[in-house]
Amino acid sequence: MSDLKLTPSLLSMLERIERNSGTLLMLAVTASGGQYGKLNKLRGAGYVVKCDHPSVTEGAWPAEALAITEAGRTALANHRAQLAEKKERHRPSDRRVKFRRVGERYIAFLGDERIGFVRRADNGTWNHVDTTMAHPGYAKTRERAGHLLRRRYEPWFERA
């Protein structure tokens with residue numbers, strides 16, 4: 001079995017075959033590419049097989065019944081697990097950026113730790129600078145500036 005990279009179109013076809021109780025009828029289109037090309041890729045990887053289904057012989061159009069194999073189910077399950085892991089990894093933590101106003105600036109805190117400051121610029125944007133004074137930038141809103149500071153700070157926090 002080859003290790004096929006599941007693109008969104010291949011995934012949707014594999015999910016559709018799985019959703020239809022393992023027997024999805026597909027018209028056999030001989031044109032290059034398109035659904036037939038995707039089907040050949042799935043078939044070549046061992047994720048889909050042709051199976052016997054009574055309604056295939058009923059129609060006038062050439063069609064084939066498809067069933068998902070155990071390798072296809074495993075590949076689909078692995079993809080879903082990777083997706084869930086990716087969502088878990090990028091899920092924002094419950095610690096939010098809080099601001100405390102000092103004069104014309106807002107000090108940005110993540111929990112009890114100061115991560116930078118934000119101030120309103122003359123052109124209406126928000127200027128943000130982290131505590132190292134090394135990474136300044138502009139954002140449209142104060143919340144977005146706080147989010148950028150947090151993004152800049154969190155990788156350091158997670159390494160420790």
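The values are calculated or read from the model by the stated rules, or taken from the named source; none is laboratory data. Owing to the predicted nature of the structure, the values given are computational and were not obtained by experimental measurement. All Cβ positions, even for glycine, are placed from backbone atoms using ideal geometry, and neighbour counts span all protein chains on display. Protein only, heavy atoms only, side chains kept; ligands, DNA and RNA dropped before computing areas. Shrake-Rupley method; radii C 1.70, N 1.55, O 1.52, S 1.80 Å.
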Candidate lysines for bridging to LYS140, where Cα separation is under 25 Å - those fewer than 8 sequence places away on the same chain excluded: LYS98
Placed amide H near HIS135: partners under 5 Å, 5+ positions off or other chain: ASP130
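Given the Cα-Cα distance of ALA134 and ILE107 and 0.36 nm per residue of separation, how much length would full extension add, in nm? All intermediate terms of the calculation are to be shown ahead of the outcome.
Values: separation 27, 0.36 × 27 = 9.72 nm, distance 1.61 nm.
Stretched fully, the ALA134-ILE107 segment lengthens by 8.1 nm.
Excluding ligands, DNA and RNA, what is the solvent-accessible area per residue of the stretch 95-142 at a probe of 1.4 Å, expressed in Å²?
Values: 3280 Å² over 48 residues.
On a per-residue basis, 68 Å².
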Area accessible to solvent at VAL102, 1.4 Å probe radius, in Å²: 80 Å²
Label-point separation in nm, LEU11 to LYS86, each point 7 Å along Cα→Cβ: 0.6 nm
Residues whose placed amide H lies under 5 Å from that of THR69, excluding near-sequence neighbours: VAL48, VAL49
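Between ASP52 and ARG120, what is 0.36 nm times their sequence separation minus the Cα-Cα distance? Round to one decimal in nm. Walk me through the numbers on the way to the answer.
Values: separation 68, 0.36 × 68 = 24.48 nm, distance 6.89 nm.
Here the segment from ASP52 to ARG120 would lengthen by 17.6 nm.
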